[in-house]
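Below: one structure, written as structure tokens.
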Amino acid sequence: MTWVNAVVQGVLLGGLYALFACGLSLLFGVMRIINLAHGDLAVLGAFLIWQISTSFGLSPFVALIPALVVMLALGYVLQKTMLTRSLRGGPLIPLLATFGLSIVIQNGLLQVFSADVRSLGGQAGPIAHASWTITDQLSIPVLGVVVLATAVAVLGGLQLVLRRTGIGREMRATAQDADTAGLVGVPSSSVYARATAIAIATATLAGMFLALRSTFSAASGPTQLIFAFEAVVIGGLGSLWGTLGGGIVLGVAQTVGAQFDPQWSILAGHLVFLLILATPRGRSLDLGGVRA
Amino acid sequence: MSTTQRTQAPATGGGYRVRRSSLTSWLGSLGFLVILVVLAFVPIAFVPVVIQQTTSFLILVILASMWNALAGYGGLVSVGQQAYIGFGAYAVIFLTQRDVEPYLSIVIAALASGVLALVVSPLLLRLRGGVFAIATWVVAETIGLIILMQSSLGGGTGVSLRALNVYAVADRRAYTYWITLAFTVVLLGAVLLLLRRRTGAALQAIRDDEDAAASAGVRTRPLKLILFVLAGVGCGAAGALTLANTLFIQPQSIFGVQYTAFMIFMVLVGGLGSFEGPILGALVFFVAQNEFADLGAWYLIGLGLVAIGFALFLPRGLWSLVGDRLPDPLLPIGYRLRSGKS
């Protein structure tokens, strides 16, 4: 039964990874940028929520709303000052610039909030620790289910927007060929701005859930970036539902690995990722870095 | 160094000569040689702290040149070169535990890191751009985690290099310095050789546009493999030499992504895709580290901001300001067409 429990926990954990991965996947799909600061932006969002929540005594779920506003404004500034400009510099520059941004955010957080490990679990009230007990060894945490449901809703909503709405059509067109889309009246800059906004918003949401279910610190970003990226690759680039599946595979690999030995948890996830890279699906990633 | 070839130019009918060397490259080469000779005498002429600092500086030069070889010429932005840095350092620990002579261990460790790069290359080299970047990072994390679990290698608490204690402190410092200098010369010499020979034109074509280079008949994969393995050897050597210089390592720091941050900073500031740029970048970083490292997080924020600034506004780095004003590269790697009649 402990194995069943491990798988269940892994599936729920996968929801969190899918939520982290969704913004990364979208930016890659639309702008062909791998945002190396994605994890750090999520952690920045978590710190904002923590700050608002402790300063005003608000529930993290309420604090999420002002935090989202701040994060979206930041995303707008980043988009205007950095991302668009870096896109013009060729394929290497966005990587280098977002890596620099990641260093700046991490150390900025370290400077302001110190290296202490924090959690939002306390502020959230009973929901953070409540669970449904099925048997002695199998219990389902309420928060985990909320995270997974949110991930399904966000990915499903995004899928719907991309497939069915005018905004989605514009995004798909820009992803395929930004210049041609521009010729028929779809300016890439506004499409990129929307994609960045969605990526930042989902990253903030993921950051909040990370902070609710476990702990976070200024140095948490890179690990989350790696997990998000692994989820994207395991699930197949460019497929949103695949990302959910990838997140779940990664989550299950980690929790099942931890059953053998807690040290094996993260390693098992990495090994599954490398295994996928070695398969034909991994080989199809040849196209991964093709410029738009 | 003054190879000349004669070609016939059909349009004018006159002879043209392709010259590989020029006054600039002769003076430049001479300058590099003089610096090298001076560097060779550092352990004899200076106090211990200078020797140790110069060793650290040379390690930075190796790291910057290796990262530049990957990103500047191969278009491969690696965020995971710490895999080889850490592997090289721990290979020295592993070998000296088995009574291999410590300095020989450093050489073997560097070569073993190259073998590691060769082993993971089929997995990584078919990837490009950001996907390649993070995949290299995952490889580094994986190797770091595996080594962290080995209690015989000290586990998470770290491990000291005791084998070097057989040498007197002053001797050890000098030997470590000289072997670092030797590695610097060999590794940078290898990069130079790649640039000077036929591969140089191909590498610069890949640097400018990989797809265009491939369609013009450049076989990109073997060249990228050479760069990747060379960078593996170089970073492995840098890790092993760091251990010999500091005598203690911890998996969290030697496998830390901060090495990538430093390499990116050095190469971006110095000059991406030039031979001289990374050396200049290493010098800037070395000075910055000594001046500002006490500031802690602010120092790193500054590094990040400067790197972003260079990436966005001066992607070819400080060297482009100097190099573009010179008639030729400082070392004889260019081609120059001259009228043969003169």
Positions within region B:293-334 being among the aromatic types (Phe, Trp, Tyr) and closer than 30 Å to A:Gln79 by Cβ, in sequence order
B:Trp298, B:Tyr299, B:Phe310, B:Phe313
Restricting region A:24-58 to residues that are small (Gly, Ala, Ser) and within 14 Å of chain B (Cβ to nearest Cβ), the one farthest from A:Ser220 (Cα to Cα) turns out to be A:Gly29
Spot the failing condition for B:Leu95; the list is (1) touching a residue at least 60 places away in the same chain (Cβ under 8 Å); (2) more than 12 Å from chain A (Cβ to nearest Cβ); (3) hydrophobic (A, V, I, L, M, F, W, C), and only one is missed.
(1)
Would you confirm whether any residue within region A:223-230 is of a type outside the set (D, E, K, R), more than 29 Å from A:Gln111 (Cβ to Cβ) and crowded, with 24+ Cβ neighbours inside 10 Å?
no
State whether the residues of region A:116-135 include one that is within 11 Å of chain B (Cβ to nearest Cβ) and assigned to a helix (DSSP H, G or I).
no
Matching residues in region A:197-211 - criterion: being of a type in the set (A, V, I, L, M) and crowded, with 24+ Cβ neighbours inside 10 Å
A:Ala199, A:Ile200, A:Ala203, A:Leu205, A:Ala206, A:Met208, A:Leu210, A:Ala211
Tell me, yes or no, whether region B:291-298 has at least one residue that is closer than 21 Å to A:Ala37 by Cα and more than 10 Å from every other protein chain (Cβ to nearest Cβ).
no
Among the residues of region A:232-271, the number that are crowded, with 23+ Cβ neighbours inside 10 Å and in contact with a Ser or Thr (Cβ under 6 Å, 6 or more places away or on another chain) is 5
Check whether at least one residue in region B:187-194 is touching a Phe, Trp or Tyr at 6+ places or on another chain (Cβ under 7 Å), modelled with pLDDT of 85 or more, of a type in the set (A, V, I, L, M) and under 18 Å from B:Ala71 (Cβ atoms), and report yes or no.
yes
Considering only region A:87-103, state which residues are in contact (Cβ under 8 Å) with a residue 40 or more places away in the chain and part of a helix (DSSP H, G or I).
A:Leu87, A:Pro94, A:Leu95, A:Thr98, A:Phe99, A:Leu101, A:Ser102
Can B:Phe262 be described as in a helix (DSSP H, G or I), at pLDDT below 90 and either aromatic (Phe, Trp, Tyr) or closer than 23 Å to A:Asn35 by Cα (or both)?
no
Within region B:49-70, does at least one residue satisfy the condition of being more than 30 Å from A:Leu237 (Cβ to Cβ), at pLDDT below 90, away from chain A (no Cβ under 14 Å) and not in a helix (DSSP H, G or I)?
no
Answer yes or no: is there a residue in region B:27-46 that is more than 14 Å from the chain's Cα centre (by Cα), modelled with pLDDT of 90 or more and surrounded by 13 or more Cβ atoms within 10 Å (Cβ to Cβ).
no
Go through region A:15-57 and report how many residues are touching a residue at least 60 places away in the same chain (Cβ under 8 Å) and in a loop (DSSP other than H, G, I, E, B).
6
Could you grab me the full set of residues in region B:118-154 that are more than 22 Å from A:Leu96 (Cα to Cα), within 7 Å of chain A (Cβ to nearest Cβ) and not hydrophobic (A, V, I, L, M, F, W, C)?
B:Thr142
Please work out if A:Phe227 is closer than 29 Å to A:Val70 by Cα and within 14 Å of another protein chain (Cβ to nearest Cβ).
yes
Within region B:164-181, is even one residue acidic (Asp, Glu), part of a helix (DSSP H, G or I) and away from chain A (no Cβ under 14 Å)?
yes
Do we find a residue being among the aromatic types (Phe, Trp, Tyr) and touching a helix residue (DSSP H, G or I) at 6+ places or on another chain (Cβ under 9 Å) anywhere in region B:237-250?
no
Given the criteria under 30 Å from B:Leu76 (Cα atoms), in contact with a Phe, Trp or Tyr (Cβ under 7 Å, 6 or more places away or on another chain), hydrophobic (A, V, I, L, M, F, W, C) and assigned to a helix (DSSP H, G or I), does A:Leu109 qualify?
yes
For region B:242-258, which residues satisfy the criterion of being away from chain A (no Cβ under 14 Å) and touching a residue at least 24 places away in the same chain (Cβ under 8 Å)?
B:Thr242, B:Leu243, B:Ala244, B:Asn245, B:Leu247, B:Phe248, B:Ile249, B:Gln250, B:Ile254
B:Ala214 vs. criteria within 14 Å of another protein chain (Cβ to nearest Cβ), among the hydrophobic types (A, V, I, L, M, F, W, C) and surrounded by fewer than 24 Cβ atoms within 10 Å (Cβ to Cβ):
yes
Going through region B:52-82 one residue at a time, which ones are crowded, with 21+ Cβ neighbours inside 10 Å and among the β-branched types (Val, Ile, Thr)?
B:Thr55, B:Ile59, B:Val61, B:Ile62, B:Val77, B:Val79
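The values are calculated or read from the model by the stated rules, or taken from the named source; none is laboratory data. Worth saying up front: this structure is predicted, and the values here are computed from it rather than measured. Ideal geometry is used to build each Cβ from the backbone, glycine not excepted, and the neighbour counts take in all protein chains shown.
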